[in-house]
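Each reported figure results from applying straightforward, stated rules to the coordinates on display, with no laboratory input. This one's a predicted model, so the numbers in the text were calculated from it and none came from an experiment. Positions of Cβ are backbone-derived with ideal geometry, glycine not excepted, and every protein chain shown enters the neighbour counts.
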Amino acid sequence: MSFVRTKCSDETVQLGERLGRLLAPGDFIALTGELGAGKTQFAKGIARGLEVDPETPVTSPTYTILNIYAGRLPLYHFDLYRLEGAHDVDALGFEEYFSGDGACVVEWAERLDGEMPDDVLTVTLSHEGDEERSVSFEGSGPRSQAIVRALSAGERD
């Protein structure tokens, strides 16, 4: 597990951008944290790192549940806040995206009740003040653990 502290929203976006540069098809990012912790800001950074057109607004898909952005690979941005559990996701048929040709970023991933791929990078954002955030990274498999190591190596550069 790795921890990073950001001091403002821009730093949270920049950290997400660093992660986005590392992502490959099939990567699954589970974003967790309380309401207002910075999950959507972090997702905006991931979109930048995936080279999504900067003119494209990256917003939380709270009501649409899924936004798809074109970049160097597709970004499937989910927000499961309104769902009650994994059965809702099953009914919507989203699992086809979870190991597809793009990267999945899932806000409120805990709503999947463990119905995630085996190799998941869990990013937890926590309030540490008005603007400061604590961001932790934990990989559950070889690919996500390699991403955590690459992010940690970048911190020392």
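A few points about this structure:
- Residue separation of R72 and S9 scaled by 0.36 nm, minus their Cα-Cα distance, works out to 20.3 nm of gained length.
- Of the peptides 19-31, 139-151, the order by per-residue mean of other Cβ atoms within 10 Å, starting with the highest, comes out as 19-31, 139-151.
- The Cα-based radius of gyration and maximum Cα-Cα distance (Dmax) for the stretch 34-110 are 12.1, 35 Å.
- Rounded to the nearest 20, the size of the Cβ-charge dipole of the chain about its Cα centre is 500 debye, with Lys and Arg at +1 and Asp and Glu at -1.
- Extents of the chain, taken as max minus min of Cα coordinates on every principal axis and listed largest first, are 43, 33, 31 Å.
- Helix-only arithmetic for the chain: the sum of -39500 (n - 2.57) across DSSP H runs with n ≥ 4, divided by the residue total, places the mean residue ellipticity at 222 nm at -9500 deg cm²/dmol.
- Where Rh is the Kirkwood radius over Cα pairs, Rg/Rh for the stretch 12-73: 0.93
- Here the spin labels are modelled as points 7 Å beyond Cα on the Cα-Cβ line, and at E115 and E95 they lie 0.8 nm apart.
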